[in-house]
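Undergrad: Below you'll find the structure I mean.
The values are calculated or read from the model by the stated rules, or taken from the named source; none is laboratory data. For clarity, every value in this text was computed on a predicted model and none was experimentally measured. Here the Cβ positions follow ideal geometry from the backbone for every residue, glycine too, while neighbour counts run over all protein chains shown.
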Amino acid sequence: MRRNSMKADHTEPLRIICLVKFVPDVDGFSYDYEHSRLNRSYQRMILNPDDACAVAFALQVKQAHPSAHIEVVTMAPRTVEPHLLDLLRLQIDTGVLITDPAFAGSDTYATTTVLETYLGGRSYDCILTGTCTLDGATSQVPAQLAQSLGLDHMQDITGIDLNSFDREQAVFTVEDDNDTYTYQMALPGILSLTRASGYKLPYIAYEDFTKDVSANLTVVTNQELRCPPEQIGLTGSLTQVVETFVPEHQRREHRTVQVDEDGIEYIYTMLKERGYV
């Protein structure tokens, strides 16, 4: 398998990159119908819950291995800087904000192109992400990145064995509707957690609320990445929105029936008319 990733040197600390996304708060959701994209610049953003679990686990690794280095990376507008700074106040070592007007409107394919370009020049032992996002839930970017970087990948992870996690391997559990499975995967690789994992971000320590961590935040634009314009933004997006509209909600008739002959007859007639019986 082709591997574009740069394996961290064994003499260096364990290096973890957390890919996170800040998503619109459901109470402040807005959509740019003219350009067929979410409006992320002028509304409240929150850290995607699945991604928060990934960062929380990385912090557990750092607690067990204090020399471990955690880098949080997000592709977003400049308005998320305060949120990244708050993550840096949780003992995250470095934060990277990938932002450029040229990236606006990128679908999962174009987003993968940008992230792959950045990650191709980084060294790491493991990439942690969330599985789904509140504003998309396609789970495509981690899998596409794994393919592009030549890495193994697993999603829907509900727990990672901290005692078995090192630069060589990870042991983790994945659940479905019927069972729980345990896997072992060689690293470097991409592990995508779900909120069902239950990992919780700690609170910022009181003394760190106003701590200046701006020196640990790096802003990366396309001037540094040099992604071809035809591969990013709306132009580079393979997903094309044909039409957007505001759904019209109609009030449905509400009827309460009793458990008697008339009620049973009404329900039977309704089901028969709709082809259920």
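Undergrad: Look at A146 and say whether it is farther than 17 Å from C18 by Cα and touching a residue at least 24 places away in the same chain (Cβ under 8 Å).
TA: No.
Undergrad: Filter the range 121-140 down to residues that are modelled with pLDDT of 95 or more and of a type in the set (A, V, I, L, M) and give me whichever is nearest to V174 (Cα to Cα).
TA: For the range 121-140, the residue satisfying everything is L128.
Undergrad: Inspect all residues belonging to the range 197-207 and state whether any of them is part of a strand (DSSP E or B) and in contact with a strand residue (DSSP E or B) (Cβ under 8 Å, 6 or more places away or on another chain).
TA: no
Undergrad: Okay, moving on. What is the one condition in (1) touching a residue at least 12 places away in the same chain (Cβ under 8 Å); (2) assigned to a helix (DSSP H, G or I); (3) more than 18 Å from N48 (Cβ to Cβ) that G121 does not satisfy?
TA: (2)
Undergrad: Now for a different question. Just to be sure before I move on: is M154 under 16 Å from the mean Cα position of the chain (by Cα) and within 20 Å of I16 (Cβ to Cβ) in the structure I sent?
TA: When the stated conditions are applied, M154 passes them.
Undergrad: For the range 172-180, does any single residue satisfy the condition of being at negative phi, modelled with pLDDT of 95 or more and in a loop (DSSP other than H, G, I, E, B)?
TA: no
Undergrad: Filter the range 114-125 down to residues that are under 18 Å from the mean Cα position of the chain (by Cα) and surrounded by fewer than 20 Cβ atoms within 10 Å (Cβ to Cβ) and give me whichever is nearest to M185 (Cα to Cα).
TA: The extreme case among them is E116.
Undergrad: Would you confirm whether or not the range 201-214 contains a residue that is touching a Leu at 6+ places or on another chain (Cβ under 9 Å), of a type in the set (G, A, S) and at pLDDT 95 or above?
TA: Yes: the range 201-214 contains one or more residues that are touching a Leu at 6+ places or on another chain (Cβ under 9 Å), of a type in the set (G, A, S) and at pLDDT 95 or above.
Undergrad: Here's a follow-up. Filter the range 143-171 down to residues that are part of a helix (DSSP H, G or I) and closer than 24 Å to P13 by Cβ, then give me how many there are.
TA: Residues meeting the conditions: 6.
Undergrad: List pairs: first in the range 221-238 and more than 10 Å from A102 (Cα to Cα) and assigned to a loop (DSSP other than H, G, I, E, B), second at pLDDT 95 or above and aliphatic (A, V, I, L, M), Cβ under 6 Å, 6+ apart or cross-chain?
TA: Within 6 Å, the pairs are S237/A110.
Undergrad: Quick one: is L90 farther than 19 Å from N216 by Cβ and among the aliphatic types (A, V, I, L, M)?
TA: The answer is no for L90.
Undergrad: State whether one or more residues within the range 174-190 are closer than 26 Å to M45 by Cβ and loosely packed, with under 15 Cβ neighbours inside 10 Å.
TA: Looking through the range 174-190, none of the residues is closer than 26 Å to M45 by Cβ and loosely packed, with under 15 Cβ neighbours inside 10 Å.
Undergrad: Buried (at least 20 other Cβ atoms within 10 Å of the Cβ) and out of contact with any Gly (no Cβ under 7 Å at 6 or more places or on another chain), is that true of L128?
TA: yes
Undergrad: Now, a different point. Pull up the range 126-142, narrow it to residues that are over 8 Å from the mean Cα position of the chain (by Cα) and assigned to a strand (DSSP E or B), then point me to the one that is nearest to S192 (Cα to Cα).
TA: Applying the filter and picking the extreme gives L128.
Undergrad: Which residues, counting only those in the range 75-113, are farther than 23 Å from L14 by Cα, surrounded by fewer than 18 Cβ atoms within 10 Å (Cβ to Cβ) and without any contact (Cβ under 8 Å) to a residue 40 or more places away in the chain?
TA: Correct list: T79, P82, P101.
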